[in-house]
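The values are calculated or read from the model by the stated rules, or taken from the named source; none is laboratory data. All values derive from a computational prediction rather than experimental measurement. Here Cβ is always computed from backbone atoms with ideal geometry, including for glycine, and neighbour counts include all displayed protein chains.
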Amino acid sequence: MGNSVKLAVWVDGPSYYKDAIFSDPNPSDPDGRLASFCALERRLVKDGGWCHTQDVCFEKGQIPDIVLFLDIPKKPVDKLIGIWRGKVRKFVILQEADLIIPRNWDSSFHQQFEKIFTWNDDMVDNRKYFKLNYGKILPVTIFKDIKRKQKLFTLIARNAKSSHPLELYSKRVEAIRWFEANHSEDFDFYGRGWNEYLFQGPKLWRGLNRIKLLTKILAPKFSSYRGSVDKKQEILEKYKFSICYENLSGMPGYISEKILDCFTAGCLPIYWGAPNIQDYIPKNCFFDKRDFSTYEALYEHMKTMSDTEYLSRLDAIELFLNSENGRKFSVDCFVETIVSAFNVKL
């Protein structure tokens, strides 16, 4: 195929239509979560190809070489692509874990795609399944001014619930409630949805979430809640430690942007998620929640940490971000992984 690839990125949601996912800077993406897709578009154009969202391609009458889906769609792929059927190669990035999009991990849906990019280490064979880490713009230096740290602990996450056996949503609430009951003076948390009640269960019952007045009235009370945030880094820089839990535990290779956001802000993460996290990130760059039997033990360890040790750990993070292992989480590596797979044949 060569390097001049014509790519359609299949997005779900009008906020990404009209090539908005490739907009840089993007006012709706202050933390740069779309930076990898912006870089992918620039790379393909530089190589003589092009990259658009599917709506732009249909509007212009352009037929891509490859369609890249972001997670497996609800409808059959061939039905969605319509007149492109039989004319394009079909790739997908499995972004979300099964507690959010279960069909991502149903192998019967995988037959629709020639190439699949995934964080799941157990699936990678470098023929059909390719390892793809989250890509972030990694700084050369990070924030290290301890004097500007206003409090010890924070947590930034949206409010969510799940019945999945490995979910960590409830563990975030557990951490919040412990700090509020024991050391509220050293803890604040942020995120969307915490001032609303979240209905679960049958579709009819979940429909009550649209009645905002009702969800506000029934919302649980959190004394340490400080609202949603526009830029995570600006908040994380004000705290020494962050409760950094993935959406679920026990999934090898499932390392999202959460721990990287802590790194770039110079905030030490208390991590819980991928069981093989140390295969990717050195132990001295984070604290593994599994190493602490109680929150009291965790709190006392962090509370009594010397500035010398704290700064040495920030130095270790900076070293990691500038290393070959750190580069695996960079925007450049994200782009290279996808582009290099264009020419891999089964």
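Scan region 296-321 for residues that are β-branched (Val, Ile, Thr) and either at pLDDT below 95 or within 26 Å of Tyr280 (Cα to Cα) (or both) and the total you get is 2. If you check Lys216, Lys240, Lys258 for being in contact with a Pro (Cβ under 8 Å, 6 or more places away or on another chain), outside any loop (DSSP other than H, G, I, E, B) and either outside the structural domain of Ala97 (by TED's automatic domain parsing) or at positive phi (or both), only one passes: Lys258. No other residue among Leu155, Leu138 is outside any helix (DSSP H, G or I) and under 30 Å from Glu300 (Cβ atoms) apart from Leu155.
Residues that are in contact with a strand residue (DSSP E or B) (Cβ under 9 Å, 6 or more places away or on another chain) and assigned to a loop (DSSP other than H, G, I, E, B) were ranked within region 101-114; the one that is surrounded by the most Cβ atoms within 10 Å (Cβ to Cβ) is Phe113. Taken together, the residues in region 319-335 that are closer than 19 Å to Asp31 by Cα and part of a helix (DSSP H, G or I) amount to 8.
Scanning region 157-207 for residues that are in contact (Cβ under 8 Å) with a residue 40 or more places away in the chain, over 22 Å from the mean Cα position of the chain (by Cα) and over 21 Å from Asp261 (Cα atoms) yields a total of 6. For region 225-239, the candidate set comprises residues that are buried (at least 21 other Cβ atoms within 10 Å of the Cβ) and not aliphatic (A, V, I, L, M); within that set, the residue that is modelled with the highest pLDDT is Tyr239. Within region 13-44, the set of residues being under 27 Å from Leu138 (Cα atoms) and exposed (fewer than 13 other Cβ atoms within 10 Å of the Cβ) comprises Ser15, Pro25, Pro27, Ser28. Just wondering, is there one or more residues in region 230-237 that are under 16 Å from the mean Cα position of the chain (by Cα), closer than 18 Å to Lys171 by Cα and of a type outside the set (S, T, N, Q)? No, region 230-237 contains no residue that is under 16 Å from the mean Cα position of the chain (by Cα), closer than 18 Å to Lys171 by Cα and of a type outside the set (S, T, N, Q).
Contact map, region 279-306: first residue at negative phi and part of a loop (DSSP other than H, G, I, E, B), second residue aromatic (Phe, Trp, Tyr) and modelled with pLDDT of 95 or more, Cβ cut-off under 7 Å, separation 6 or more or different chains; pairs are Ile281/Phe320; Pro282/Phe320; Phe286/Tyr271.
Would you pick out the residues in region 48-92 that are out of contact with any Asp or Glu (no Cβ under 6 Å at 6 or more places or on another chain), in a loop (DSSP other than H, G, I, E, B), on the phi < 0 side of the Ramachandran plot and not polar (S, T, N, Q)? Hits for region 48-92 are Gly49, Ile63, Pro64, Asp65, Ile72, Pro73, Lys74, Lys75, Pro76, Lys87, Val88. May I ask you to say which residue of Asp24, Asp19, Asp31 is touching a helix residue (DSSP H, G or I) at 6+ places or on another chain (Cβ under 7 Å) and modelled with pLDDT of 95 or more? Matching residue, one of Asp24, Asp19, Asp31: Asp19. Of the set (1) under 25 Å from Ala35 (Cα atoms); (2) in the same structural domain as Pro275 (by TED's automatic domain parsing); (3) of a type in the set (A, V, I, L, M); (4) at pLDDT below 95, all apply to Ile100 but (2).
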